[in-house]
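The values are calculated or read from the model by the stated rules, or taken from the named source; none is laboratory data. Since the model is a prediction, treat every value here as computed from it, not as a measurement. No Cβ is skipped: glycine too gets one built from the backbone with ideal geometry, and neighbour counts run over all protein chains shown.
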Amino acid sequence: MNAHQHATGSAYFISPETTPPESHTLSVLVDNEPGVLARVIGLFSGRGYNIESLTVSETEHLAHLSRITIVTRGTPQVLEQIKAQLDRIVPVHRVVDLTVRARQLGQERPIEREVALIKVGGEGETRAEMLRLADAFQAKVVDATTEHFIFELTGKSSKIDQFVAILKPLGIIEICRTGIAAMNRGAQGM
């Protein structure tokens, strides 16, 4: 057995992966037609890849094109496999690893934003504290009654995570998040 390989319980010897997994944001331009999203997601589930975030929307109405933004985690080898397999799906026009492109442009990450709606309940001083926190995080009140608020917050996922963590002891009722929308800086498109 080669010194770089080890037994895995499999009939094959597999070289250990020394590179730690990283989170990458992929942008996939596809035909806007029934079944395309299922095929893209099926590729991930069929191979055991996890999707951390997923957003889809038609971006070019006249051309009937949609953009799927996927945040996934893997080693560089796994991420290359994912991109190559996505590229082979017939209604896929283009696959761009926005994380890699950002690094090529000298940036750490692409611009990533998420929207969250957070419903909280409370009375008295708790309500005043919620409004102070919402103001500090630049969250908008989109609905309010004497029993609850619904806040809308747009920003990086980490900002939303922090807002949720601070509100949790005050009485979160429900949370809805959109998933990440991402784009690289600069004049060049996808």
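Screening THR99 against (1) buried (at least 18 other Cβ atoms within 10 Å of the Cβ); (2) polar (S, T, N, Q); (3) closer than 30 Å to GLU174 by Cβ leaves a single unmet condition, (3). Scanning the stretch 51-78 for residues that are farther than 15 Å from ARG39 by Cα and either hydrophobic (A, V, I, L, M, F, W, C) or assigned to a loop (DSSP other than H, G, I, E, B) (or both) returns HIS61, LEU62, ALA63, HIS64, LEU65, VAL71, THR75, VAL78. Taking the criterion of being closer than 29 Å to ARG185 by Cβ and either in contact with a Gly (Cβ under 6 Å, 6 or more places away or on another chain) or not hydrophobic (A, V, I, L, M, F, W, C) (or both), the residues of the stretch 136-162 that qualify are GLN138, LYS140, GLU152, THR154, GLY155, LYS156, SER157, SER158, LYS159, ASP161, GLN162.
The single condition among (1) within 21 Å of LEU29 (Cβ to Cβ); (2) under 16 Å from the mean Cα position of the chain (by Cα); (3) part of a strand (DSSP E or B) that ARG94 does not satisfy is (2).
With respect to the stated conditions, ILE173 is over 26 Å from THR59 (Cα atoms), in a strand (DSSP E or B), β-branched (Val, Ile, Thr) and not assigned by TED's automatic domain parsing to the domain that holds GLU33. Screening the stretch 29-56 for residues that are touching a residue at least 12 places away in the same chain (Cβ under 8 Å) and either over 19 Å from the mean Cα position of the chain (by Cα) or surrounded by fewer than 14 Cβ atoms within 10 Å (Cβ to Cβ) (or both) and picking the one that is farthest from PRO91 (Cα to Cα) gives ASN50.
Output yes when any residue across the stretch 143-166 is assigned to a strand (DSSP E or B), exposed (fewer than 13 other Cβ atoms within 10 Å of the Cβ), touching a strand residue (DSSP E or B) at 6+ places or on another chain (Cβ under 7 Å) and free of Cβ contacts under 8 Å to residues at least 40 places away in the same chain, and no when none is. Looking through the stretch 143-166, at least one residue is assigned to a strand (DSSP E or B), exposed (fewer than 13 other Cβ atoms within 10 Å of the Cβ), touching a strand residue (DSSP E or B) at 6+ places or on another chain (Cβ under 7 Å) and free of Cβ contacts under 8 Å to residues at least 40 places away in the same chain. Do the conditions hold for VAL71, that is, is it modelled with pLDDT under 95, surrounded by 16 or more Cβ atoms within 10 Å (Cβ to Cβ), in the same structural domain as LEU26 (by TED's automatic domain parsing) and not polar (S, T, N, Q)? Against the criterion (modelled with pLDDT under 95, surrounded by 16 or more Cβ atoms within 10 Å (Cβ to Cβ), in the same structural domain as LEU26 (by TED's automatic domain parsing) and not polar (S, T, N, Q)), VAL71 does not qualify.
Of note, ARG177 satisfies the criterion of being surrounded by 14 or more Cβ atoms within 10 Å (Cβ to Cβ) and either of a type in the set (D, E, K, R) or more than 23 Å from GLU52 (Cα to Cα) (or both).
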